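Structure, as structure tokens:
The values are calculated or read from the model by the stated rules, or taken from the named source; none is laboratory data. Please read all numbers here as calculations on a predicted model, not as lab measurements. So basically every Cβ, Gly included, is an ideal-geometry build from the backbone, and we count neighbours across all protein chains shown.
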Amino acid sequence: MSAVSLRGVRKSFGSTEVVHGVDISIADGEFCVLVGPSGCGKSTLLRMIAGLEEISAGEIAIGARVVNALRPKERDIAMVFQNYALYPHMTVYDNMAFSLKLAGVPKDEAGQRVADASQILGLNDYLQRYPRQLSGGQRQRVAMGRAIVRKPQVFLFDEPLSNLDAKLRVAMRTEIKALHQRLTTTSVYVTHDQIEAMTMADRIVVMNAGRVEQIGSPLGLYDDPANLFVAGFIGSPAMNFLKGRLNGSAVAVGSGISLPVRTGLESGREVLLGVRPEHLAVAADGVPAEVVVVEPTGADTQIFCKLAGTDVTAVVRERHDFRPGESIRLKPQLTYLFDPSSGARLA
Amino acid sequence: MSVSRFFDNRNTLGALFLLPAAALLLVFLTYPLGLGTWLGFTNAKIGRAGEWIGLENFQFLFGDAVARLSLFNTLFYTLVASVFKFVLGLWLALLLNKSLPFKAVLRAVVLLPFIVPTALSALAFWWLYDAQFSVLSWTLAKMGLIDSYINFLGDPWLARLSTIAANIWRGVPFVAITLLAGLQTISPSLYEAAALDGATEWQKFWHVTLPMLTPIIAVVMTFSVLFTFTDFQLIYVLTRGGPLNATHLMATLSFQRAILGGALGEGAALATAMVPFLLAAITFSYFGLQRRAWQQGGADK
């Protein structure tokens, strides 16, 4: 096991820079999730750690070793690919034992290590099968098994669950997390799914357009987003944003509607008011909103409505029998303020 | 039964649609093949219908030194040329699969020998191999490597090797382009996985590329062996089977005996004698081509 640190890492393809100087330090044994929308550079970053992409500038260290110039096989890492990248002409056993065979590990020991891994992953009955004869979830396990038998310093996961159906994805999520708790190997996990990030990570790195937006624990990011992007990206359903003008201890969001906020900022400035759907309560002393669609999920109810001309979503635990077009009153329990131009958090 | 009902019947309709193709195959493939095989069992000559003589032609050919030599030549020609075509073709395919500058142009250039009509390229080789005007001999002589010009097509073994070289030149593009297509179906992430697993370039080739390529190698080499075994044009333009029948293949000898010599029965028998070898090659590849376990889907999905 090893810590991983990225210092001022940049990546350019030709003259286009896609990763603009990233600093991350991942502690030994930590499960770190890189999350961000497509094209934000998270996979490129992971491939740079793996040695599959060259590092244009900056430094990547695994443990105490700077690995910039090392080839993938010298970095002592294992990677789980999005498409699993299992060797189709090898059995499950051979897939898992391939790296050991290349490393010259004696047959008995290799067999023991594969047996241990397949025991953990529940693959014992499938060792003599070929990847084609396995289901998606089983292939995913083989890909992880291949990583486990190596006993590497670091596990790298490149969107490993995105080819699975929704139900299996939730199950595998738990399995990977349990596996990490058991093996405690430093892991770097790339995903575009913020729920995966929230549920699995010890620490999340939110990336956007080749830059790190914020690094923090899942709940830390949820409770205390540094900027508009993180606030909008983390949390589901996404945070509501209302344009408005600060007026003392309230934000006027239009047509005479003001929402109370706690802030020490000067009056009169333009702000974006952010409020999470779960922090909007139906209350008699709230501001008026018009119901558009009501979606009960059983545990809670999502109410899509128009508030001062803006679409907002509220999630409430109690059951209401609202009709589309009906006017209700919503009261924000917790609000955030952002600068509309820079996106920086104000309060 | 009305006519429209007749045409509504799936079986009737199917048979009708098959008819044109079946007729073409019957007239242009089955009939000549059948006639050729039948002629092999007769003593037909040009201008004289033959009578059934059983295996007499084959018995004669078996005892005929030239026919036996042509069998040896054909096997030698096919074996050596196929091995070289495979090795060179695979090597070229691997090269073209890398990201090279002017990749599209290079790929087109590689295909050229395949596009040029064989008779034309054979003429070019004829010049290259000419006893007096050979540019190869001239170059070697100017470099001071040889004293006298090489008689490429005049010496039996030199002629064999020279015709084989021409055949390799012509056959490599087919192998290379087909294998290149096969290479491009191999997912790049397999190589990345192999790199992380600690494989060297050679190990990647041996453990990933080659096994993944086996099915397509089986197909392309079967075709290559069939084409080479039945080759006619190159030999006919370059040497007409000479010198001293050293380059006569079964196909060229068959033509010489049947058409030029007029012994239709004997020539046909020689051609028919090629069939078992071709069938053997096809059988071999049929088993080589059988879907391997790893290519089959599971019942478990």
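Observations, loosely collected:
- Restricted to region A:64-75, and to residues there that are assigned to a loop (DSSP other than H, G, I, E, B) and out of contact with any strand residue (DSSP E or B) (no Cβ under 8 Å at 6 or more places or on another chain), the residue that is surrounded by the most Cβ atoms within 10 Å (Cβ to Cβ) is A:Leu70.
- Each residue in region A:76-129 was checked for being of a type outside the set (A, V, I, L, M, F, W, C) and not in a helix (DSSP H, G or I), and 13 pass.
- B:His207 vs. criteria at pLDDT 90 or above, part of a loop (DSSP other than H, G, I, E, B) and either touching a helix residue (DSSP H, G or I) at 6+ places or on another chain (Cβ under 7 Å) or assigned by TED's automatic domain parsing to the domain that holds B:Ala124 (or both): no
- Search result, residues across region A:327-347 that are surrounded by 15 or more Cβ atoms within 10 Å (Cβ to Cβ) and farther than 23 Å from A:Asp224 by Cα: A:Ile328
- Close pairs from region A:324-344: first over 18 Å from A:Asp311 (Cα atoms), partner surrounded by 16 or more Cβ atoms within 10 Å (Cβ to Cβ) and among the aromatic types (Phe, Trp, Tyr), Cβ under 7 Å, at least 6 apart: A:Gly343/A:Phe229; A:Ala344/A:Phe338
- For B:Ser189, the test of being over 14 Å from A:Met90 (Cα atoms) and within 11 Å of chain A (Cβ to nearest Cβ) is passed.
- Test: residue in region B:174-185 that is within 14 Å of chain A (Cβ to nearest Cβ) and part of a helix (DSSP H, G or I): yes
- Test: residue in region B:187-199 that is in contact with a Ser or Thr (Cβ under 7 Å, 6 or more places away or on another chain), assigned by TED's automatic domain parsing to the domain that holds B:Leu95, part of a helix (DSSP H, G or I) and buried (at least 24 other Cβ atoms within 10 Å of the Cβ): no
- Filtered residues of region A:23-60 (kept if touching a residue at least 40 places away in the same chain (Cβ under 8 Å), over 13 Å from A:Val190 (Cα atoms), buried (at least 22 other Cβ atoms within 10 Å of the Cβ) and over 17 Å from the mean Cα position of the chain (by Cα)): A:Ile60
- Top-ranked residue of region A:121-152 - restricted to ones that are under 14 Å from A:Ala78 (Cβ atoms) and out of contact with any helix residue (DSSP H, G or I) (no Cβ under 7 Å at 6 or more places or on another chain), ranked as farthest from the other protein chains (Cβ to nearest Cβ): A:Lys151
- Condition check for B:Leu210: at the interface with another protein chain (Cβ under 10 Å from one of its Cβ atoms) and within 14 Å of B:Phe86 (Cα to Cα): yes
- Restricted to region A:245-259, and to residues there that are under 21 Å from A:Ala314 (Cα atoms) and touching a residue at least 60 places away in the same chain (Cβ under 8 Å), the residue that is surrounded by the most Cβ atoms within 10 Å (Cβ to Cβ) is A:Val251.
Here is a yes/no grid of residues against (1) within 30 Å of A:Tyr336 (Cα to Cα); (2) surrounded by fewer than 18 Cβ atoms within 10 Å (Cβ to Cβ); (3) touching a residue at least 40 places away in the same chain (Cβ under 8 Å):
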| position | (1), (2), (3) |
| --- | --- |
| A:Lys167 | no, yes, no |
| A:Arg173 | no, no, no |
| A:His180 | no, no, yes |
| A:Leu183 | no, yes, no |
| A:Thr186 | no, no, yes |
| A:Met200 | yes, no, yes |
| A:Ile204 | yes, no, yes |
| A:Ile215 | yes, no, yes |
| A:Gly220 | yes, yes, no |
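- Test: residue in region A:105-118 that is surrounded by 19 or more Cβ atoms within 10 Å (Cβ to Cβ) and at pLDDT below 90: no
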